[in-house]
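Everything below concerns the one structure shown next.
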Amino acid sequence: MKKAHKAVWILGLTALLAGVAGVQANEPPQDFKCRAGQGANECEQQRMDRFARRLDLTDTQRKQMQGIFDQYKPEREKLQTALRDNRKEIDALSAADPKLAEVADKQGKAFGQMIVLRKKIEAAIDAVLTPAQREKMRQMKQHRGWAGHERGQGPAQPGMPG
């Protein structure tokens, strides 16, 4: 009986430690400070700083990247707003509502436009990077760490490379 009690205790402790490690793996890294209520511009700047640091961008490359993000920002924000508004409308409709298919089609179109925009941004970024930086970005993208913070949940933010 004593051995069984000890085994249960060890299994419980192992599960607890594994759970803590899993939670820590999904937390943003310490140098990413964007939090709820923080201004979008400040968060974007932090993402840019992190991106520049990870890819070891030169000052010229950093300015070019900022120009790319600024160039596509209005279109990205417009699509993000459309996606958010469509989502709210979809959530408010019942499955029997004849308008559901129309709003779902709008959402699909906006999502497709966001995919195209992301590819445009990626192509513009690739043109600025060296081959070694492109490889580093590819590796970061595989691990989802380049969109601002590593996270185990969900895709990178719409409009941000990733």
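The values are calculated or read from the model by the stated rules, or taken from the named source; none is laboratory data. All figures in this text were calculated on a predicted structure; none of them were measured in a lab. Because the Cβ atoms are built from the backbone with ideal geometry, glycine has one as well, and the counts that use them run over all protein chains shown.
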I want to confirm something. Restricting to the stretch 88-108 and keeping residues that are more than 23 Å from residue 78 (Cα to Cα) and among the aliphatic types (A, V, I, L, M), which single residue is farthest from the chain's Cα centre (by Cα)?
96
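Find the residue count for the stretch 39-69, including only residues that are of a type in the set (S, T, N, Q) and either within 18 Å of residue 135 (Cα to Cα) or at pLDDT below 90 (or both).
We begin by selecting, within the stretch 39-69, every residue of a type in the set (S, T, N, Q); these are 41, 45-46, 58, 60-61, 64, 66.
Remaining after also requiring either within 18 Å of residue 135 (Cα to Cα) or at pLDDT below 90 (or both): 41, 45-46, 58, 61.
Residues meeting the conditions: 5.
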Go through the stretch 99-144 residue by residue and tally those that are in contact (Cβ under 8 Å) with a residue 12 or more places away in the chain, under 27 Å from residue 50 (Cα atoms) and small (Gly, Ala, Ser).
1
Which residues, counting only those in the stretch 100-134, are surrounded by fewer than 14 Cβ atoms within 10 Å (Cβ to Cβ) and among the hydrophobic types (A, V, I, L, M, F, W, C)?
101, 115, 116, 123, 127, 132
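Regarding residue 101, is this residue small (Gly, Ala, Ser) and modelled with pLDDT of 90 or more? Walk me through how you get there before you give the answer.
Working: small (Gly, Ala, Ser): yes; modelled with pLDDT of 90 or more: yes.
Judged against the criteria, residue 101 is a match.
Sort out which residues of the stretch 100-145 are outside any helix (DSSP H, G or I) and of a type in the set (D, E, K, R), and write them in order of number. Quick ask: steps written out before the conclusion?
As a first pass, look at the stretch 100-145 and keep what is outside any helix (DSSP H, G or I): 129-130, 143-145.
Answer for the stretch 100-145, where residues must be outside any helix (DSSP H, G or I) and of a type in the set (D, E, K, R): just 144.
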Across the stretch 87-99, what is the number of residues that are surrounded by fewer than 15 Cβ atoms within 10 Å (Cβ to Cβ) and in a helix (DSSP H, G or I)?
5
Any chance the stretch 70-82 includes a residue that's within 18 Å of the chain's Cα centre (by Cα), within 14 Å of residue 133 (Cα to Cα) and without any contact (Cβ under 8 Å) to a residue 12 or more places away in the chain?
no
